[in-house]
Every structure is written in structure tokens, then in C-alpha cells.
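Asker: Take a look at the following structure, please.
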Amino acid sequence: MALFSMHHFAYAGPNLHCESVDLAAVVQLYGTPTYVYSAATMAGHYNRLVSGLGGLDAHICYAIKANSNIAVLRHFANLGAGFDLVSGGELRRVLAAGVDVTRSVFAGVGKSEAEIRLALETRIHAFHVESEPELIRINHVAGKLGVKAPIAFRVNPDVDAGTHAKITTGKAANKFGIPLDKAGAAYAAAAKCPNIAIRGVQMHIGSQLTSIAPFVEAVKKLAPLAATLKQRHNIEYFSIGGGIGIVYKDALASGPRDWWTSQPEDTRPITPETYGAALAPLLKPLGLKILIEPGRFLVGNAGVLLSQVEYLKRGQGKNFLVLDAAMNDLVRPAMYDSFHQIVPLRRDTTRPAITADIVGPVCETGDCFARDRDIQQLSEGEHVAIMSAGAYGCTMASRYNSRCLPAEVLVHGAAFDLIKTRENFASQIAGENIPAFLK
């Protein structure tokens, strides 16, 4: 396998393919905007992560918030994954995928009584508890059900992940977890709760980390606590969270291996191999099961958003390539100022390049996927792929401007199938009602 294999999207002749499927065929059958996912890319990243952690008793819990389509969940379950859940809705999605939740964990700072009850009734592996008030609530609900609730505290190591401010979670100023110096007292309190079973300890310091150093710092901070908890409370596992970053720029480079080796050594993206090599020596002496909760790493480069060009608008000193996809379909550029490579579905090297803002039709200046981007000149009715859109794309989509939610397609080799039908207007307003006093 290549040293750094990002995905299975590549040009075959002039046409962009996902695995063995010409993406033009997907557009012809299902239209746009449409998300397309590569099953082989997901499996490849999952298996490489398992291999990279080969020296550990490790279990992967896929973070559903990155991409929650039930076909994606079933795919990861078939590969052997459990799940990292942050809501009752995500738990129900796992069940809808035909998978039990006994190998999954439930995180999040605001678990409701109804969510806790559902998780206990479906035999969640453990709650990742974010506060002592939450512990009290879980103990109360478990008592009413006559069961013991398995828990691990999320401990905040106060480590700067060096990522975007909106997705860092391991600093003392963030809302997540309990402070490291309060952890001992929190576990002592949990031990006195009659309906609580202490099972582990957890951390998660942020998303889209591109350096291994914050992971190492956080594990070094929490490893002594994990060892103490094993001795005092006989914990079974240490969850080190997720957060491994992916490549967004040059995601469709000429060759993944060549791209990776061409980067300066200190700025190369984290790979499963470098991740495992750095953390295994710190974790193995603990003698605990290690949980890891990746999301973006498994699905980010596995997806693209297909879109049609509506207009090439030539303004004064500025070109605008107007797409039928918008910020409601993929909000990351508007919300995080994130970069996504954008490429034509049909590449034509004889055409001149233009510099343009690539925008959507939503009535917001922020509805912009790229500014002053060089791209092959395209005309009305042609199509583009927005790369690396498999994570936090469709899961964050909205109906802003009364736009219908996009379709989703899964590719497996030469086969592809619709895994979510494009929403229509009737289903969009199905839950709305005009009251009698307005008629």
C-alpha cells in the first residue's frame, strides 16, 4: 500500500472517477448537489488505523457526527467498529443501521434524561461523563431502571491542540470535561454512587490536528491518572479520543505518495503509522484497552460534493463561478473559512484557466466555497467536485433559503447506489402547519 493513500478519487482519461465509477454517471442518474462516498477509502483508512495501533489492545469507535448516514454506519460496523455517539438521535441511527450499541460510547455535555434512559435500555458500553451534575443525573436514571450505568469521566488535560478555535476541545476554557486536578475527587464521588459502574477514563483535545505533539502531550498528562484509576477503581479502558487531521489542500495531487514525501518532514500530515508509533510506547505499559474515536480521518477524504455550474458571471475585476450547491449543503467554508479543493468532473487541458470566486446561490456573501481560485474555465451545465467533503458535510447541511437537502450516494468498486434520496419540497414542509386562527 502507498505510504500515504488519501482516497480513491482520480481522473481516468478526462473524467473524474470514484473507485471504478465515472462520476458523470452519478450526476446523470441522481443530479446535483449530491454527496458521493467511497467505501474503499473508508475501509482503507479504518484498516490502516487498526494496523497502526497493532501493538495495543485497541478498539475504534467511529465518531458518528462526522457522517451519520446509516449505510456508512453499517459499513463501519461490518469492518468491526463501535461508535462514538453524542445524541439520542445518533444512537437511534446506529440501531436503524441494524447494529447494537454494546460496543459504543455516549459523549456530550448535555445528555437529557430521555437520552440516558435510551442508552441504558439499549446497553451502551459506557457514558463519557462531562460533569458531576451529569453523573448525578445518570445515577438517578439508572436507579429508576434498576441497573448500574457504566461510566468514564472525560478529563480535560488543558492541552492546546493547535487547531481552529471552534473545534478545539482540550483547553481549560472549553466547555468539555472536568479539570485534571479534579478528576480524583470526581472518581471518588462516582465510586459512592449506588447505580454507577466505573469503567474507564476519556479525553479528546480537538479536531483536525495536523501535529502529533498535542496527542503525545495529552497522553503523557493523563497516563498517570489512568494508572492510578486502574489501581483504585479497576478501570478497563483509556479512551484517547479522535482528532487526526486530513489533507484538504492538494487533495487530488498527481500521486498521494509523491505528495506526502514532497512535504517538509515537520509538516507532513499525521498517518496511522506515525500516530501509532508515537502513542503506543506511552499506552502499552498501562495494560488497558485503548479506545480511539476518529471521525474526519475515516470519512473526510472519502467524500466529494458534486455540483453543477449555473453561471459564469464576469464582474468588474472579479469572476464568479456560480454553482447549484450552497453553504446550506456544505457549510465548512462559511463557518470555518476552510479550504476545499474544487475540480472539474471533466478535465480539459486545452481550456484556459480562470481566476474566480466559486460561490453558491444562497443570499449571503458568506456563501462562498473559494475566493480567487484558479480553475479550468467552465460553462453553464458543466460540473465540479468539491473534494474532501465526506466529513461534516451532509451532517451539517440545512434547509436555509428553503433549499432541499442533498442526495447521498455510496460507491463500491464499479457499483454505486443511492443511500439518501434528495429531499423534495413536500417532505420539507411536512411537519409545518397553519393554525386555525390564521385561516
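Asker: Which one, (1) 169; (2) 125; (3) 158, gives volume of the Cα convex hull per residue in Å³ as derived from the coordinates shown?
Answerer: (1)
Asker: Size of the dipole of the stretch 350-427 about the Cα centre, Lys and Arg at +1 and Asp and Glu at -1 on the beta carbon, nothing else charged, in debye to 20?
Answerer: That gives a dipole near 140 debye.
Asker: If you don't mind, another one. Less than 15 Å Cβ to Cβ from HIS383, Lys/Arg counted +1 and Asp/Glu -1: what total charge do the surrounding residues give?
Answerer: Residues close to HIS383 contribute a combined charge of -4.
Asker: Give me the angle, in degrees from 0 to 90, between the Cα long axis of helix 213-233 and the longest principal axis of the Cα atoms of the chain, rounded to the nearest 10.
Answerer: Relative to the chain, helix 213-233 is tipped by roughly 30 degrees.
Asker: Give me the net charge for the shell around ASN67: Cβ to Cβ below 10 angstrom, other residues only, Lys and Arg +1, Asp and Glu -1.
Answerer: Local net charge: +1.
Asker: Additional query: Which value at 222 nm does the chain reach when only helices count, each DSSP H run of 4 or more adding -39,500 (n - 2.57), with the total divided by all residues and rounded to the nearest 500 deg cm²/dmol?
Answerer: -8500 deg cm²/dmol
Asker: Which length gain, in nm to one decimal place, applies between GLN28 and GLU380 when the Cα-Cα distance is subtracted from 0.36 nm times their residue separation?
Answerer: This chain segment gains 125.2 nm when fully extended.
Asker: Can you sort ASP100, ASP181 so the residue with the fewest Cβ neighbours within 10 Å comes first?
Answerer: ASP181, ASP100
Asker: Would you please classify the overall shape of the stretch 302-392 from the alpha carbon gyration tensor, given that a ≥ b ≥ c denote the square roots of the eigenvalues, rounded means a/c under 1.5, and beyond that prolate means a/b larger than b/c while oblate covers the rest?
Answerer: oblate
Asker: Let me ask you something else. Quick one: helix 272-283 against the long Cα principal axis of the chain, what's the angle to the nearest 10°, folded into 0 to 90?
Answerer: Between helix and principal axis, roughly 10 degrees.
Asker: Out of the trypsin sites (Lys or Arg not before Pro) in the stretch 1-85, which ones are loop residues according to DSSP with at most 12 other C-beta atoms within 10 Å?
Answerer: Within the stretch 1-85, no trypsin sites (Lys or Arg not before Pro) qualify (loop, at most 12 other Cβ atoms within 10 Å).
Asker: With a cut-off of 8 Å between alpha carbons and a minimum separation of six or more residues, what is the relative contact order of the chain in percent?
Answerer: 20 percent
Asker: Still on this structure: Under the definition of Cα pairs under 8 Å and six or more residues apart, what whole-number percent is the relative contact order of the stretch 301-428?
Answerer: It rounds to 30 percent for the stretch 301-428.
Asker: DSSP beta bridges in the chain, what fraction antiparallel, as a percent rounded to 5?
Answerer: Restricted to the chain, the bridges split so that about 50 percent are antiparallel.
Asker: Sticking with this one: So for the stretch 1-117, averaging the separation of alpha carbon pairs under 8 Å that are six or more residues apart and normalising by length, what relative contact order in percent results?
Answerer: About 17 percent, as a whole number.
Any read-out appearing in this document is the output of simple, stated calculations on the displayed coordinates, not a laboratory observation. Just so we're clear, the structure is a prediction, and the values are computed from it rather than from any experiment. Note that we place each Cβ from the backbone using ideal geometry, even for glycine, and neighbour counts take in every protein chain shown.
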